Amino acid sequence: MGESISPRKNRAGLADLVRKIKESVNIIEVIGENVVLRKTGVSYVGLCPFHSERSPSFSVNETKQLYHCYGCKRGGDLITFVMELSALSFPEAVEELVERARIPLPSDWNRQDGEGQDSEQKKKTQEKLALAYRLNRFAATYFRASLKSDPHVSRYLGLRGVGPEFQEGFYLGAASGAWDGLASHLIEKKAPLDLATELGLMRPSAKGNFDLFRNRVIFPILNIRGKVAGFGGRILSDQDHPKYLNSPDSLVFHKGKLAFGLYQAQKYIREKDELILVEGYFDVLTLYAAGFKNVVATCGTALTPEHLHVFKRLASRVVVLFDGDSAGTLATVRAMETGLDHGWVLQGAQLPAGLDPDEVLLDLSTGQIRPGGQEHLTELLAAARPILDTEIDAAIQGGRKDPEAQTQALKKIGKWISRLNDPLGREVRMERVQKEFRVSRALILGAIGATGAEHGTVHKGNSSSANQSSAFEVRVLQNSSQPLPIKNQRLTMLDQVLIAGLAQGGEYLRVFVGALDQLPPEHDLGSLLEYPPAREWISKYASDLKLVDWNDSDDQIRTVMTGSMVSEVPLVQLEQFKEAVFKSIAKKWARFSQQVSRQIVQAEAKNDAVLQAKLMKDYLDVQRKMKEFNSFYDEE
């Protein structure tokens, strides 16, 4: 077999697959499952699923198969919608829609889990993956039926504040105390037992197969697409151990990537732009039932970079609400450090000492919300502040005892500040520590430099000197999935006009492509734009701009593109677009002229007469070219 082709490598094949998906799946149907749409003219309108609003500003154009929100400015096509709604990558969204449309994936389709496999192996991997999800769903149905036939477990859940509605919504189940209840059921239904063992549903022994989950409440753990990836189980009897048990890692269950409740909570997380992170499954269920629906829990593991990567797609703020005991405090600090290492300052809400979130809300003797419980938790969440600042406060307080305590506090604070990827934030916190401890800036820089070098988060340098603050001003973002900050973070007005015009196609596209012959040497069409991602995006498709794919661009570009495409009248007139193109060309020649001028100065300094003569000729050519553009505007 030849080299496998990834989705991004085989652009023509991918374009054909996307076309087939869009022909088979109507964007109105998909969006209509999540938004109540009302037809107005050629478009459908509804409340935006990506932000809270009272008046509909979300528009879907069925003819163009595009959506655009005039409130939050999000927009795109069918695939973009699925990506943004469910926080999926492009390949995952394609696979989701392919499954919906019942279209086979191309034989050369490749994802990370299929690297190094030939077409036949990939097909088997995909089939096994689909079978694994089916088998987990089958087991979830079995557990669900067991719960419905066991009033004792239903009463237990009720006392934990989880009534029938939420038992159903989270597809909760029960495992009986029998050793082989599920195993016997799987054998009876002729399920693939090897795969059931691999997924952790049962285990073989000399006496036969036995269930992994026995005498437990079962919490199906769904991935963000709503598929059952695995299970968590909590004991019903205090004599059994361990208290909580999870499925083992498998081809579909990766506890470091999954969060319990994320499938149910994603809509509310997106609306509030905030995610509440708790420790336990019951914490999720109790908070959700009490109206705090933007809540999730990790699956028996610490917060991981993979969790943060998923969370960042849904919200800009995470509030950590871990138990108010020593273990919860330690886990909160670990979560803070993971966040700092990946460019995120997490917020923390402090619970009363010794209490879990569900104990703040519930009277556990009745399963009812405590009087004032919701208001109390609302106040605690509203008072959330950066965990980093809470920990710095605690370190400062502890450091007041004696010089050794102060030394240890400075080291601890230096370790945290060295991980903070925000120069201004570092500076503010350094000034506070300097004021509280009455120490020199050089001493704090020394603490930061020492701990930063240990963690690999600062550049090497003499950070003990007050003049060497640059030693920690630029962090090395190790293991970060986020791109480095872009210097020019916004589309210019000129960029917006050009991109909006490109979205119209036709004569606009011909004018844009024709500009290539007017640009200075070694400039491509991407150079007409100022915003770096826009330049890269256009340059990538320079060979055929008709293949331009906004799914391959960032949010700002997609917003302008889709806003222009769904508009019933052109947002940019052709003459306005032509003027923008000419202005952009003129700017490039002006910069090129400055570049040639600098080269002339350098040639003069080197007494290189030949090069100087050539550059002077180039300079005159540039000036003539610039005069052409100036005269164009003079004639207007």
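Remarks
- Overall Cα dimensions of the range 29-69, principal axis frame, Å, largest first: 27, 19, 14
- Scaling against 2.2 N^0.38 Å puts the C-alpha radius of gyration of the range 565-618 at 1.94.
- With 28 Å as the limit, the listed pairs Lys123/Lys207; Lys20/Lys293; Lys128/Lys267; Lys123/Lys227; Lys272/Lys415 have Lys123/Lys207; Lys20/Lys293; Lys128/Lys267; Lys272/Lys415 beyond it between alpha carbons.
- Distance (nanometres) between label positions extended 7 Å along Cα→Cβ at Lys64 and Ser440: 6.3 nm
- Alpha-carbon radius of gyration plus Dmax, which is the widest Cα pair, for the range 341-432 in Å: 17.5, 52
- Here the range 159-245 is described by how far its Cα atoms reach on the three principal axes: 41, 36, 20 Å, from widest to narrowest.
- Label-point separation in nm, Lys583 to Glu306, each point 7 Å along Cα→Cβ: 4.8 nm
- Gained length - Trp179 relative to Ser539, 0.36 nm times residue gap less alpha-carbon distance: 123.4 nm
- Ratio of Rg to Rh over the range 224-271 (Cα coordinates, Kirkwood Rh, two decimals): 1.07
- Using a Förster distance of 60 Å, the FRET efficiency for Glu507-Arg334 (Cβ separation, nearest 0.05): 0.55
- Length gained when the stretch Ala605-Glu23 is fully extended (0.36 nm per residue, less Cα-Cα span): 203.1 nm
- Spin-label model, Ala590/His241: points 7 Å from Cα along the beta carbon direction are separated by 7.6 nm.
Bear in mind that the values in this text are calculations on the coordinates, not laboratory data. None of the values given here were measured: they were computed from a predicted structure. Using ideal geometry, Cβ is built from the backbone for each residue, glycine included, and neighbour counts are taken over all protein chains shown.
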